[in-house]
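Structure record follows, encoded as structure tokens.
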Amino acid sequence: MPKLTINGKEVEVPEGTNLIEAAKAAGAEVPHYCYHPALSIAGQCRLCMVDIDKVPRPQIACNTQATEGMVVHTETERVLETRRSMMEFHLINHPLDCPVCDQAGECFLQIYYMKHGLYDPRMVDEKVHKPKAVPIGPHVMLDAERCILCSRCVRFCDEITHTGELGIFQRGDQSEIGLFPGTALENKYSGNVIDICPVGALTDRDFRFQVRVWYLDTAKSVCNGCARGCNVEVHTNRHRPHHNQGRRVARLKPRFNAEVNQWWLCDEGRYGFKWIDDKSRLTHPRHKGGGEGAEVSWDRALPELVKRLQGCQPDEVGLLASPRMSNEDLWALRRLAEHLGVRNLDFRVPPLAPGDEDDFLIRADKNPNSRGAELTGVGPGAGGRDAAGILRTARERRLKLLWIFHHDLAASGGPEAEVLAAIENTETVVFQGTNANDISARAHLVLPSAAYVETEGTFTNFQGRVQRFRTAIPPLGESWPDWKILSVVGKALGASDPVFSAERAEQVFNALAAAVPAFGGMTYRALGDTGRMATA
Amino acid sequence: MAELVLTRNFEVPDAHTIRVYRERGGYQGWEKAKGMEPAAIAEEVKKSNLRGLGGAGFPTGVKWGFIPKGSTAPRYLVVNADEGEPGTFKDRYLMERDPHALIEGMLIAARAIGSHLGFIYIRGEYVQPWRILSAAVKEAYDAGLLGKNIQGTGFDFEIVVHRGAGAYICGEETGLISSLEGKKGWPKVKPPFPAVKGAFGQPTIVNNVETLACLPHIITRGAEWFAGLGTKTQGGTRLYSVSGHVVRPGLVEAPVSVTLRQIIYDHCGGIPGGRALKAVVPGGSSAAILTPDEIDIPMDVDGPKSKGSMIGSAGIIVMDETVSIPDALMVVARFYAHESCGQCTPCRESTGWIYKISHRIVEGKGRKEDLDTILDVARRGAGTTICAFYDGAVGPYISYIEKFRSEFEDLIRSSAHA
């Protein structure tokens, strides 16, 4: 662990740390473009120069390792002048089309020019022209004129995805990023090149021109696209509702978590948020008895449910929980099942087709919280039935009430005719979920759930890591978080468990942590931004 | 006339064949070296004061010593035969007329550094030298001088001849290695240096053709003899490629103590037509330009340096009074803009920028701030890049303007934009 001095401050860093990271540890920012901690050292942008005592001229910090006793200065007049020079070089052929560039507002040419440039432009000759607005894959748009040739995207495709679609072609100031002949940037992680592109060269075809980034709000969250639980930021558009085609969620961006996803996010997760603002969202409780599919208030829907539950023997009730529900939702459901004495409880509904999987981030299990469902004990009680058994007994007219959470059973692994027969043959079918489907259309009672970005809670990923997601936007329409629906029902049934008097998800989580050893000692505060492992 | 060393076989018919090469005393250096300890060969080369003749002038024996001691990784000997520096054509002559001198030199170097595989990276445009050299390599294999267990010594050495594809940057040691590895010819970030992690990630020594061609003579005739041919800091003779306005352009071999004036006026017969000398580039296009009052310098590593220039590849370009220096700058700036690999921002962006400015000046659209802009941009970029390419471009940018500023100013003054 070498000790070195940076700007007069002594820091100790692990062996092999470069001076960009060491400076970070000393609280100093060394501007850079080509360096990325996940990628090999390119040393191309030449922006990260720092002064080192006893070294005659500034050195690039990215390729200089901290050594014992090294004395580094990141803000000498010479370093500042070098940065100004490098900024000028980066910008002489840049089109300066910020007003129509999607990157504006989060562009490191803008940021560093304001911080380290501020020279008067001297370029009076014709700039180099290159291709603009070239779609290079399903998700990525290339503007070669804005590109500063840092090669991060090239190295990403070489070193992270090992797909090698991108290269730098031509030489000198004619150099440009491009696809190798016969390829397209369509690997499963292609969207990451947009994130690591420090400028407006690679923009997101989905997000382009939808909303200016300075209107976005951000919330820390967890992708719900598979059991990996990649940490994400949800970027939402609330200040300009007429932008982004009226959708509130504008985009997802990966959020660093060394243990889960590092810097990355797969494309399926990145673009898998459209359901949140989709027209198919369920926004109001509906009750078939009150007219054909008529909207009703919660004040009428839940008492109706309670009445019907009270009219059933415990074994006449089936509960199909979902691994898309949070730990809090699942815990509230388990407590409710216990209060009712219902043993027919399960979450394992087979998917229509096995999910794809790779050796990087993508998991075959497309649910964010299967592990949480296991750990919270959402399964058949003694003598109770699993998901297949619940549907079979429903088909055999032995259930009076089937409460389905989120599952679109008609599009699941079970034969559609059998599923529909189960629905057909059950007196009361309750569907609780976020979006309409064939089951909600047939249900007697429909309870609208808030999407995960509209509430807060935790998911437990396949590794057993319990991770928080925060509220990014308010629930759509009259939708409620699942745990809240369950707690109101539980309270109306006279259950005394503290879960049913919770007003915040955190209180449900605290009850879970107190009751289930796997979550022992956990609090929202302790989970922080990157989560904690459940004690299995 | 001093003794010829490197060019001694150049006028001998069929000297490119192993038969004639041997008749002329060829491969005696190897015969001696194969019985020497590797360390003794390196020591001899150090004592000879042999300095790299490709451009940087680094002491060859010292360079060999940079391979990490005790490393058991395979080591590669790479010959830089890319000879792309404008005004330089010496290696071409060596490979066409005396290719076995290079092969023998490689054998000696390989034994010294413990390499069993050598690559000759030859400039793509050098078709004839490539044909002749390839035939010579085949002859050496057939004669048992290359391959496994050479002459029963237990020493293996193979040579692969690899043709470049026409990029100047592939003459830069690490750009060459990238290209040899099958990648784009981009110079590599240092450290690590090639001697530690070079071609295919293994310790690699890159030497110039002419440098290696000196080795047989050093081993045969001794380090002291070789050192004695030159100056205190550099031994031997070297090949000067002379082009431009001289009566007899071509290749000149002379001890490195020869002066630039002697080369121009004695060896090459002076300036044709009785015209006046205007400027000389002493070491390939990357060397700063010299004025007529700066040519009384020895043409070793130190002489041109004393005038703020460099010996480089010893490609001497002579310009008489008919040459327009702004035109010359534009031509050289176009070359560097075209050849910049584009990897480092300062070089990629400013070589093109400076070419555009120099072109505009020549077109009569110069602005009064242009010269200071070029000088400032050149100075800001100098020393900031991965390789020495940009520093090579800065040599002409700055020296052409500083030494001939009034000529540029006259052009700009007559322009409408001034």
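The values are calculated or read from the model by the stated rules, or taken from the named source; none is laboratory data. Just so we're clear, the structure is a prediction, and the values are computed from it rather than from any experiment. Because the Cβ atoms are built from the backbone with ideal geometry, glycine has one as well, and the counts that use them run over all protein chains shown.
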Residue under question is B:E349, and the condition is that it be without any contact (Cβ under 8 Å) to a residue 40 or more places away in the chain, within 14 Å of chain A (Cβ to nearest Cβ), of a type outside the set (G, A, S) and more than 28 Å from B:G166 (Cα to Cα); does it hold?
no
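Report, by residue number, each residue of segment B:279-304 that is among the charged types (D, E, K, R) and touching a helix residue (DSSP H, G or I) at 6+ places or on another chain (Cβ under 7 Å). Can you show your working first?
From segment B:279-304, those among the charged types (D, E, K, R) are B:293-294, B:296, B:300, B:302; that's our starting set.
Listed by number, the list holds a single entry, B:D296.
Does A:R442 satisfy the condition of being touching a residue at least 40 places away in the same chain (Cβ under 8 Å), surrounded by fewer than 23 Cβ atoms within 10 Å (Cβ to Cβ) and of a type in the set (K, R)? Spell out how you get there, then give the answer.
Details: touching a residue at least 40 places away in the same chain (Cβ under 8 Å): no; surrounded by fewer than 23 Cβ atoms within 10 Å (Cβ to Cβ): yes; of a type in the set (K, R): yes.
Against the criterion (touching a residue at least 40 places away in the same chain (Cβ under 8 Å), surrounded by fewer than 23 Cβ atoms within 10 Å (Cβ to Cβ) and of a type in the set (K, R)), A:R442 does not qualify.
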In segment A:97-125, which residue that is touching a Pro at 6+ places or on another chain (Cβ under 9 Å) and within 14 Å of chain B (Cβ to nearest Cβ) is nearest to B:T345 (Cα to Cα)?
A:L109
Every listed condition ((1) more than 14 Å from every other protein chain (Cβ to nearest Cβ); (2) touching a Ser or Thr at 6+ places or on another chain (Cβ under 9 Å); (3) more than 19 Å from B:A167 (Cα to Cα)) holds for B:M330 save (1)
Residue ranges of helices (runs of 4 or more DSSP H) in segment B:77-175 with at least 3 members modelled with pLDDT of 95 or more, within 25 Å of B:K34 (Cβ to Cβ) and among the aliphatic types (A, V, I, L, M):
B:99-113, B:127-142
Is segment A:346-357 home to any residue that is touching a Phe, Trp or Tyr at 6+ places or on another chain (Cβ under 9 Å) and either within 18 Å of A:L399 (Cα to Cα) or part of a loop (DSSP other than H, G, I, E, B) (or both)?
yes
Do we have B:G175 as under 24 Å from B:P86 (Cα atoms) and touching a residue at least 60 places away in the same chain (Cβ under 8 Å) here?
yes
Testing B:F389 on (1) without any contact (Cβ under 8 Å) to a residue 40 or more places away in the chain; (2) within 13 Å of another protein chain (Cβ to nearest Cβ), one condition comes back false. Which one is that?
(1)
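Condition check ((1) more than 14 Å from chain A (Cβ to nearest Cβ); (2) in contact with a Leu (Cβ under 6 Å, 6 or more places away or on another chain); (3) not hydrophobic (A, V, I, L, M, F, W, C)) across all residues:
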site	(1), (2), (3)
B:P192	no, no, yes
B:P203	yes, no, yes
B:A213	yes, yes, no
B:P216	yes, no, yes
B:Y240	yes, no, yes
Answer yes if at least one residue in segment B:343-354 is under 22 Å from B:L290 (Cα atoms), over 24 Å from the mean Cα position of the chain (by Cα) and not assigned by TED's automatic domain parsing to the domain that holds B:E85, and no otherwise.
yes
Among residues of segment A:393-411 being surrounded by fewer than 18 Cβ atoms within 10 Å (Cβ to Cβ) and of a type in the set (D, E, K, R), the residue farthest from A:I485 (Cα to Cα) is A:E396
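So that you can scan it fast, the table gives a plain yes or no per residue for (1) within 28 Å of the chain's Cα centre (by Cα); (2) surrounded by 13 or more Cβ atoms within 10 Å (Cβ to Cβ):
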{"site": "B:E125", "(1), (2)": "yes, yes"}
{"site": "B:R131", "(1), (2)": "yes, no"}
{"site": "B:A135", "(1), (2)": "yes, yes"}
{"site": "B:G144", "(1), (2)": "no, no"}
{"site": "B:I150", "(1), (2)": "no, yes"}
{"site": "B:F157", "(1), (2)": "yes, yes"}
{"site": "B:V160", "(1), (2)": "yes, yes"}
Of the residues A:G27, A:G8, A:G16, only one is out of contact with any helix residue (DSSP H, G or I) (no Cβ under 7 Å at 6 or more places or on another chain), surrounded by fewer than 20 Cβ atoms within 10 Å (Cβ to Cβ) and within 14 Å of chain B (Cβ to nearest Cβ); which?
A:G16
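Name the helices (runs of 4 or more DSSP H) wholly within segment A:472-536 that hold at least 3 residues that are in the same structural domain as A:L375 (by TED's automatic domain parsing) and surrounded by 17 or more Cβ atoms within 10 Å (Cβ to Cβ)? So that I can check it myself, show each step before the final result.
Details: elements: A:482-492, A:505-515, A:524-527.
Qualifying helices (runs of 4 or more DSSP H): A:482-492, A:505-515.
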Does segment A:129-138 contain any residue that is more than 12 Å from chain B (Cβ to nearest Cβ), touching a residue at least 40 places away in the same chain (Cβ under 8 Å), surrounded by 20 or more Cβ atoms within 10 Å (Cβ to Cβ) and closer than 15 Å to A:N192 by Cβ?
yes
Please work out which one of (1) within 11 Å of chain B (Cβ to nearest Cβ); (2) at pLDDT 95 or above; (3) surrounded by fewer than 19 Cβ atoms within 10 Å (Cβ to Cβ) is the condition A:C62 fails and give its number.
(3)
Anything in segment A:412-422 that is surrounded by fewer than 22 Cβ atoms within 10 Å (Cβ to Cβ), assigned to a helix (DSSP H, G or I) and not acidic (D, E)? List them, or say none.
A:A417, A:L420, A:A421
Enumerated strands (runs of 3 or more DSSP E) restricted to segment B:222-339, each holding at least 3 residues that are hydroxyl-bearing (S, T, Y) and at pLDDT 95 or above
B:237-244
Within segment A:174-181, does at least one residue satisfy the condition of being touching a residue at least 60 places away in the same chain (Cβ under 8 Å), over 25 Å from A:V30 (Cα atoms) and either of a type in the set (D, E) or away from chain B (no Cβ under 14 Å) (or both)?
no
Would you confirm, using the coordinates I've provided, whether A:Q463 is under 27 Å from A:F256 (Cβ atoms), touching a Lys or Arg at 6+ places or on another chain (Cβ under 9 Å), assigned by TED's automatic domain parsing to the domain that holds A:R371 and surrounded by fewer than 19 Cβ atoms within 10 Å (Cβ to Cβ)?
yes
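Applying the selection to segment B:292-338, what residues are charged (D, E, K, R) and surrounded by 24 or more Cβ atoms within 10 Å (Cβ to Cβ)?
B:D300
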Residue check: is A:G389 out of contact with any Ser or Thr (no Cβ under 8 Å at 6 or more places or on another chain) and in a loop (DSSP other than H, G, I, E, B)?
no
Is it the case, given these coordinates, that A:H94 is within 13 Å of chain B (Cβ to nearest Cβ) and either crowded, with 20+ Cβ neighbours inside 10 Å or among the hydroxyl-bearing types (S, T, Y) (or both)?
yes
Quick check on A:K307: is it in contact (Cβ under 8 Å) with a residue 40 or more places away in the chain and surrounded by fewer than 19 Cβ atoms within 10 Å (Cβ to Cβ)?
no
Taking strands (runs of 3 or more DSSP E) that do not extend beyond segment A:164-230, which have at least 3 residues that are hydrophobic (A, V, I, L, M, F, W, C)?
A:166-169, A:216-222
